[in-house]
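Q: Take this structure first; my questions come after.
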Amino acid sequence: MTGALLVDKPAGPTSHDVVDRVRRERQGVKVGHAGTLDPFAPGLLIVLLGRATRLQRFLLDLPQTYLATAR
């Protein structure tokens, strides 16, 4: 299995928690992610599977945008 999963990560779990869950569900498949999200921040996490994990180094340099609301 090779490809990318776009995971809408809620606030709470870490990026590592999400990757661990995918590893358990896809036993034997190499799994990685293209950038860490703060555990308190929801957002899009790119999870890479199989040979697609080789693309990680290119994806880490992409710009990231954060949106915050302060009161």
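A short reminder: the numbers here are calculations on the coordinates, not readings from a lab. Keep in mind the model is a prediction, meaning the values are calculated, not measured. Glycine gets a Cβ as well: all are built from the backbone with ideal geometry, and neighbour counts include every protein chain shown.
Q: Can you tell me the dipole magnitude for the chain around its Cα centre, using point charges on the Cβ only (Lys, Arg +1; Asp, Glu -1), in Debye to the nearest 20?
A: 260
Q: Label points 7 Å out from Cα along the Cβ direction at Leu55 and Ala41: separation in nm?
A: 2.2
Q: Let me ask another. Estimate the FRET efficiency between Lys30 and Arg71 by the formula 1/(1 + (r/R0)^6), using the beta-carbon distance for r and 35 Å for R0, to the nearest 0.05.
A: The computed FRET efficiency comes out at 0.25.
Q: When 1/r is averaged over all different Cα pairs and the result inverted, which Kirkwood radius in Å belongs to the chain?
A: 12.7 Å is the Kirkwood radius here.
Q: Show me the ranking of peptides 15-27, 38-50, 54-66 by mean Cβ neighbours inside 10 Å, starting with the highest.
A: Answer by packing, highest mean first, reads 38-50, 15-27, 54-66.
Q: Now for a different question. Over the chain, what is the mean sequence separation of C-alpha contacts under 8 Å (at least six apart), divided by residue count, expressed as relative contact order in percent?
A: This gives 38 percent for the chain.
Q: Given the -39500 (n - 2.57) contribution per DSSP H run of 4+ residues, what per-residue ellipticity at 222 nm results for the chain, rounded to the nearest 500 deg cm²/dmol?
A: -5500 deg cm²/dmol
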